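See structure below.
The values are calculated or read from the model by the stated rules, or taken from the named source; none is laboratory data. Keep in mind the model is a prediction, meaning the values are calculated, not measured. Cβ sites come from the backbone with ideal geometry, for glycine too, and all protein chains shown count toward neighbours.
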Amino acid sequence: MKKTNIIAAAAVLLLTSCTDRTPYQEQISFFSMDTYMEITAYGHVNGSLADCKDEIYRLEALLAVTDEASDIGRLNAAGTADVSPDTAEIIKYAKQIGGETGGALDITVYPVLKEWGFTTGDYNVPDKDTLNTLLQRVDFTQIQVEENTVPAVAVPSGVQLDLGALAKGYASDKAAGILRQQGITSALINLGGNIMAIGENPGSGAPWRIGIRTPFSLDENIGVIEVTDKAVVTSGSYERCFTAEDGQTYHHIIDPATGCPARSGLVSATVVGDSGIMCDALSTALFVMGADKAAEYHREKGGFDMILVTEEGEILITEGVADSFTNLANLPLTVLG
Ligand code: ADP
Ligand code: MG
């Protein structure tokens, strides 16, 4: 994707003022996976942040769809490729969530994304015939993953993958693993709005306060969620979008059923849970599914919480995080049972 087209994080960190109790902290910022990343760790940080950055660069080199030499670049060019265990793991997880969400998450949507110009910024509204032809290639069930010592992946001719919907979540899990392994008990990992909060805020001794950006006014937060040891990931229609000659605004989350940007009645879907890859994959999928199907999925599967914002400006929030959420914009709010 175009580097100039980066829109800031969907979920932004609220700046907390340092108090005397704030222990030694270190921060690292860098650009990777087409977005700005910032990791802050507290206590005896040593080389941990550099290790996180190296790990994320390593993953980017494996996963970047625009890099011909990456696992995904080679697979998309040849239809088959030996890949790293990381790539195989992400693909298998994406297939699982694709199945569970009725295809709302489909990592083979890439040919459609390209046609819309979301990969280059050279935007275009495709006609129906073009989309229908491209949609014949969109089917994650066609991806074969062979688990050898060196895993191999194969797809039918014309099928192409893009792991953009869940790569940052996976990267946040890896970075959190490095920090925890190195004894860090308090840190905030912000990979372009994919947040992973480790422990608590050491300054206040309270949970981390994560701001959820309002889709209606981008410089404000719709609310704040307090979390300890959780990932918080938002997908929204207000990111990476363009307005076409027809006056309509089109965004980068595609409904694999239509090949068009999802119009599910939601403007954002935030998922809170233990695993970064789960929250990232689900935020994209639930956004495509819309409020009713998302609520049904939550009732059936559980294991996560969510905050949905509808086009009408209503907040739907699951019980597990309702008490940790502050409704800053005072929008009408419904707690899902
Ligand atoms: P962000 O780009 O902010 O991380 P998401 O996690 O929601 O947002 O991922 C959106 C990206 O996932 C798109 O830019 C595209 O690469 C890819 N994508 C879009 N629609 C789908 C879909 N239905 N299933 C899987 N991947 C998708
Ligand atoms: Mg996602």
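Results, tabulated for the structure shown:
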{"quantity": "Hits in the range 118-156 (condition: part of a helix (DSSP H, G or I), more than 16 Å from ligand 1 (Cβ to nearest atom) and either surrounded by 15 or more Cβ atoms within 10 Å (Cβ to Cβ) or free of Cβ contacts under 8 Å to residues at least 40 places away in the same chain (or both))", "calculated": "LYS128, ASP129, THR130, THR133"}
{"quantity": "Filtered residue count, the range 202-244, keeping only those that are more than 16 Å from ligand 1 (Cβ to nearest atom), among the charged types (D, E, K, R) and either touching a residue at least 24 places away in the same chain (Cβ under 8 Å) or within 22 Å of MET289 (Cα to Cα) (or both)", "calculated": "5"}
{"quantity": "Qualifying residue in the range 168-188 (condition: within 11 Å of ligand 2 (Cβ to nearest atom) and hydrophobic (A, V, I, L, M, F, W, C))", "calculated": "no"}
{"quantity": "Among the candidates GLY103, GLY99, residue that is within 29 Å of THR258 (Cβ to Cβ) and either in contact with a Pro (Cβ under 9 Å, 6 or more places away or on another chain) or buried (at least 24 other Cβ atoms within 10 Å of the Cβ) (or both)", "calculated": "GLY103"}
{"quantity": "Index of the failed condition, THR249 passing every other in (1) more than 14 Å from ILE212 (Cα to Cα); (2) within 10 Å of ligand 2 (Cβ to nearest atom); (3) without any contact (Cβ under 8 Å) to a residue 60 or more places away in the chain", "calculated": "(2)"}
{"quantity": "Any hit, the range 252-268, residues being farther than 24 Å from GLY313 by Cβ, near ligand 1 (Cβ under 10 Å from one of its atoms) and surrounded by fewer than 20 Cβ atoms within 10 Å (Cβ to Cβ)", "calculated": "yes"}
{"quantity": "The range 75-96 - residue that is more than 20 Å from the chain's Cα centre (by Cα) and surrounded by fewer than 17 Cβ atoms within 10 Å (Cβ to Cβ) and, of those, nearest to ligand 2 (Cβ to nearest atom)", "calculated": "PRO85"}
{"quantity": "Qualifying residue in the range 277-294 (condition: away from ligand 2 (no atom under 16 Å from the Cβ), exposed (fewer than 15 other Cβ atoms within 10 Å of the Cβ) and part of a helix (DSSP H, G or I))", "calculated": "yes"}
{"quantity": "Listing of strands (runs of 3 or more DSSP E) fully contained in the range 1-65 that carry 3 or more residues being over 16 Å from the mean Cα position of the chain (by Cα), on the phi < 0 side of the Ramachandran plot and at pLDDT 90 or above", "calculated": "25-32, 35-42"}
